[in-house]
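Let me give you the structure first, and then I'll get to my questions.
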Amino acid sequence: MGKLNLGKWKESFVESLELPKDLMYGAVLVSITGRQELLIENYRGILEYTQNHISLQAKTCRLMIRGKNLHISYYTNEEMKITGLIDSVLYES
C-alpha cells in the first residue's frame, strides 16, 4: 500500500469514527478572541519571542504571530496563551 493510499485510508478511518482530528493527527488548534487573545494547543516549542513577533513550531507547520506588545501569559506542554494586539497569524509548512 503506497503512502498516499495509507494517508487516505487513515483520514477515512478517523472521519468514520468521528474522532477529533487534533488528537489523531496532532493538529495545532488556534482559538482567537478578538485581536487581544490567542490560545494555542498542540504546539511543540517556541522558536522566537519578541514583543512584535512570536514564532512557534507545531507538528506539521510553523505558526508566526505578529502584533504589538505580544506577551505569553502562560504556557504548558500542551497549550499557550498569548495576549497583546494581534495583527496576523501565519502558517508555514
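Does any residue of the range 48-62 turn out to be touching a strand residue (DSSP E or B) at 6+ places or on another chain (Cβ under 6 Å) and of a type in the set (F, W, Y)?
Within the range 48-62 (the criterion being touching a strand residue (DSSP E or B) at 6+ places or on another chain (Cβ under 6 Å) and of a type in the set (F, W, Y)), the answer is no, since none of the residues qualifies.
I'm told E92 meets every condition in (1) in contact with a Lys or Arg (Cβ under 6 Å, 6 or more places away or on another chain); (2) modelled with pLDDT under 95; (3) surrounded by 12 or more Cβ atoms within 10 Å (Cβ to Cβ) except one. Can you identify the failing condition by its number?
Against the list (1) in contact with a Lys or Arg (Cβ under 6 Å, 6 or more places away or on another chain); (2) modelled with pLDDT under 95; (3) surrounded by 12 or more Cβ atoms within 10 Å (Cβ to Cβ), E92 comes up short only on (3).
Let me ask something else about it. Give the residue, chosen from I82, I46, that is at pLDDT 95 or above and either of a type in the set (S, T, N, Q) or crowded, with 16+ Cβ neighbours inside 10 Å (or both).
Criteria check complete, one pass: I82.
Could you list all residues from the range 55-79 that are among the hydrophobic types (A, V, I, L, M, F, W, C), under 12 Å from the mean Cα position of the chain (by Cα) and modelled with pLDDT of 95 or more?
Residues satisfying the conditions are L56, L63, M64, I65.
So which of M24, M1 ends up being loosely packed, with under 11 Cβ neighbours inside 10 Å, farther than 17 Å from Y91 by Cβ and modelled with pLDDT under 70? Working first, answer last.
Values: M24 fails: loosely packed, with under 11 Cβ neighbours inside 10 Å.
None of the other options fit; the residue is M1.
The values are calculated or read from the model by the stated rules, or taken from the named source; none is laboratory data. Predicted model, so just to flag it, every value in this text is computed and none were measured. As a convention, Cβ positions derive from the backbone with ideal geometry for all residues, glycine included, and neighbour counts pool all protein chains shown.
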